[in-house]
1. Report the net charge of residues surrounding Ser161, where surrounding means a beta-carbon distance below 15 angstrom and charges are Lys +1, Arg +1, Asp -1, Glu -1.
2. Output the Cα-based Rg and Dmax of the range 42-124 in Å, rounding Rg to one decimal and Dmax to a whole number.
3. Report, in debye and to the nearest 20, how large the dipole of the range 110-225 comes out about its Cα centre when Lys and Arg carry +1 and Asp and Glu carry -1 on their Cβ.
4. For Gly153, what residues show an amide H to amide H distance below 5 Å, using hydrogens built from the backbone and excluding near sequence neighbours?
5. Starting from the Cα gyration tensor of the range 1-42, take the square roots of the eigenvalues, sort them a ≥ b ≥ c, and report rounded, prolate or oblate (rounded when a/c is under 1.5, otherwise prolate if a/b is larger than b/c, else oblate).
6. Could you check how many percent of all C-alpha pairs in the range 162-226 are farther apart than 17 Å?
7. Fully extended, how many nm does the chain gain between Thr90 and Glu9 (0.36 nm per residue separation, minus their Cα-Cα distance)?
8. Give the relative contact order (percent, whole number) for the range 1-158; include only Cα pairs under 8 Å separated by 6+ residues.
Amino acid sequence: MASGERTREILQGLKDTVVHYDEDKAVEWAKVALNEGVDPFVASMEGLAEGMIEVGELYNKKEYFVPELLMCADALYAGLDILKPAIKATGRKSEVAGSVVLGVVEGDVHDIGKNLVKVMFEVAGWDVYDLGKDVPLDKFVEEQIRTNSDVVGISALMTTSMLAMPELVKKLRAKNPNVRIMLGGAPLNPELVESYGADGYAKDAGSAVDEALKLLRMLKKEELGR
Ligand code: B1M
């Protein structure tokens, strides 16, 4: 088990590999994290994902451009590939698990956050139907009906793409008034999500499953009351 100081060093190592878009080093540091007993979820979120946040700042300052962003994302995924099985192995299945359709709304290709959310649902034993990124609105509706999923989780990373969310919420409800809809992504907040008519909001991957569980319990209670 790594000491507090060593854990911080490992997390910094992971973060730096993303910022310096070094896939090989990302793999190396992810293995170090596992060998030294760092929680793989913490390594993913406080190491790799933190790195991506710093990358965003470099992009804002015009020090990084789209090609760098893509290479940084590759480094993040290389590290995540090593950590993911360990997250799954350590994850405890929640007592209740449901099914969720996940996707990034149309016009938006940012899928790193959604992929982290997906890992958390899988760890918790949910059935996950991942539609990927830049998903046409009707595809969410069709997939919810096809899979009869309890929850639809929609991600958006841009202030422009998130504007499709209220329409998607309406479309989903029109086809299935009982479906529970959860939104997430950097430009969203609870007030916005409420104004869009959705049922839930999670600010990060760590809280997404808990939020979905709340929605699932609500749904089951309503079903019993009917
Ligand atoms: Co671009 N991009 N990007 N980008 N990109 C942003 C989002 C931006 C904020 C950068 C900026 O200008 N400061 C900006 C959007 C501005 C706006 O809001 N209007 C932007 C832009 C403008 C663009 C392009 C238009 C650039 C261009 O081409 N000129 C273009 C858009 C293309 C398109 O989508 N149509 C573009 C492209 C790209 C890349 C392809 C190069 C790449 C994406 C690679 C990929 O995802 N496969 C990319 C990246 C990497 C970013 C930044 C730098 C990082 C995003 C990220 O991965 N964060 C981003 C700047 C930033 O965020 N600071 C930026 C790390 C990730 C772990 O966090 O995604 O927030 P996040 O996910 C979190 C939570 O939000 C939450 O949990 C996650 C984990 O904790 N969460 C959920 C997310 N979804 C959830 C769903 C849930 C629950 C929680 O339930 C359903």
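Computed from the coordinates by the stated procedures, all read-outs in this text should not be read as laboratory data. From a predicted model like this one, the values you see are computed outputs, not experimental measurements. Cβ sites come from the backbone with ideal geometry, for glycine too, and all protein chains shown count toward neighbours.
1. Overall, the nearby charge balance is -2.
2. Rg then Dmax for the range 42-124, in Å: 14.6, 47.
3. The calculated dipole for the range 110-225 is roughly 180 debye.
4. Hits under the 5 Å cutoff: Val101, Leu102, Gly103, Met182.
5. prolate
6. When all Cα pairs of the range 162-226 are counted, 43 percent exceed 17 Å.
7. On the way: separation 81, 0.36 × 81 = 29.16 nm, distance 2.21 nm.
Value of the extension gain: 26.9 nm.
8. Values: 239 pairs, mean separation 34.7, N = 158.
Once divided by the residue count of the range 1-158, the mean separation gives 22 percent.
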